[in-house]
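Trainee: Here's a structure for you.
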Amino acid sequence: MKTVTFPNGTTVPALGMGTWNMGDSDSRRADEIKSIHAGLEAGIRVVDTAEMYGSGRSEKLVGEAIRGRRDDVFLVSKVLPSNASRKGVRRACEASLKRLGTEYLDLYLLHWEGSEPLEETIAGFDDLVAADLIGSWGVSNFDTDGMREVESITATTPCAANQVLYSLDYRGAEFDLLARDRAAGIVTMAYSPLGQGGDLLRAPVLKQVAARHKTSLGPASPAQIALAWVLRQENVLAIPKAGSPKHQHENFAATEITLTRDDLAEIDAAIAPPRRKEPLAMI
């Protein structure tokens, strides 16, 4: 499977698992836990969550799912901007660790830029690295100007990742952000890589391209083409959510698809790449 490498040398598969809106329903809980198990068994390592997701319910679900398998997981969580003072980062991280039932996070992100000075937040992240509570730190929903500010701040440890909304629905990051992060050695984490609400997956071009590809599960689906399209980018880690083992296996099978130049040209003709700078989309 394709991989990405963080500045500290850690290498992980380029397909991870997102958990937004997971843990909110008792009726779905068993399937959601089985889905995470299925991903780990397939070879996926990155599990992404946040203190904001369900006010901690997602972290609790992830903690239950990875119990006894912590060494198999590259665990990511995010701190809310309102908790991102130097001392607040420590308190928030410790609360996340308690919900997750673990002693450390592999990666800890600022969920989006808020009113706390970035210098304070990054100093807090450095404190957590020094205390062995996190392996590395990064940001989320930061555009190029924000990344310039991050890079201007002296830190003991480097920014490792920038998690942004990136899919065929939201291609704005392609104009300059992806290349800038790549050049800096920063991994781009693509959240919601399958778009929102299913509209993208009904695009005729994805059905047309899917008809030319197969996976070990059978004929490719539009969703698998959309995911393979994100995964084709160097230094990009996609974190789609999968609420069931079936969905997880379908996501994993997308890693078997290699899109051709003709495929990519056909997609670009139907869903044009950005031709000018656009505000970074976020949800």
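Trainee: Could you list, in sequence order, the residues of segment 61-77 that are of a type outside the set (A, V, I, L, M, F, W, C), within 17 Å of I239 (Cα to Cα) and assigned to a helix (DSSP H, G or I)?
Mentor: D72
Trainee: Further question on the same structure: Write out, first by first residue and then by second, each pair whose Cβ atoms fall under 6 Å of each other, whose residues are 6+ apart or on separate chains, and whose first residue, in segment 217-238, is more than 17 Å from A272 (Cα to Cα) while the second is surrounded by fewer than 21 Cβ atoms within 10 Å (Cβ to Cβ) and at pLDDT below 95.
Mentor: Close Cβ pairs satisfying both conditions: P222/L201; A223/L201.
Trainee: Quick one: in segment 241-272, which of the residues that are of a type in the set (K, R) and either under 20 Å from M189 (Cα atoms) or exposed (fewer than 13 other Cβ atoms within 10 Å of the Cβ) (or both) is nearest to the chain's Cα centre (by Cα)?
Mentor: Ranking the candidates gives K241 first.
Trainee: Tell me whether segment 42-52 contains one or more residues that are in contact (Cβ under 8 Å) with a residue 40 or more places away in the chain and among the polar types (S, T, N, Q).
Mentor: Among the residues of segment 42-52, at least one is in contact (Cβ under 8 Å) with a residue 40 or more places away in the chain and among the polar types (S, T, N, Q), which makes the answer yes.
Trainee: Here's another thing I want to ask about it. State the number of residues belonging to segment 239-268 that are assigned to a helix (DSSP H, G or I) and either closer than 21 Å to V76 by Cα or in contact (Cβ under 8 Å) with a residue 60 or more places away in the chain (or both).
Mentor: Here the count works out to 10.
Trainee: Hey, among D145, D181, which residue is acidic (D, E), more than 18 Å from the chain's Cα centre (by Cα) and either surrounded by fewer than 18 Cβ atoms within 10 Å (Cβ to Cβ) or modelled with pLDDT of 95 or more (or both)?
Mentor: D145
Trainee: Sticking with this structure for a sec: Which is surrounded by 20 or more Cβ atoms within 10 Å (Cβ to Cβ) and over 15 Å from the mean Cα position of the chain (by Cα), of G43, G63?
Mentor: When all the criteria are applied, what remains is G63.
Trainee: Here is a follow-up. Since M1 meets every condition but one in (1) surrounded by fewer than 19 Cβ atoms within 10 Å (Cβ to Cβ); (2) not in a loop (DSSP other than H, G, I, E, B), which condition does it not meet?
Mentor: Going through the list (1) surrounded by fewer than 19 Cβ atoms within 10 Å (Cβ to Cβ); (2) not in a loop (DSSP other than H, G, I, E, B), M1 breaks only (2).
Trainee: Okay, moving on. Of all the residues that make up segment 151-175, how many are more than 18 Å from the chain's Cα centre (by Cα) and outside any loop (DSSP other than H, G, I, E, B)?
Mentor: Counting residues in segment 151-175 that are more than 18 Å from the chain's Cα centre (by Cα) and outside any loop (DSSP other than H, G, I, E, B) gives 2.
The values are calculated or read from the model by the stated rules, or taken from the named source; none is laboratory data. For clarity, every value in this text was computed on a predicted model and none was experimentally measured. Note that each Cβ is placed from the backbone with ideal geometry, even for glycine, and that neighbours are counted across all protein chains shown.
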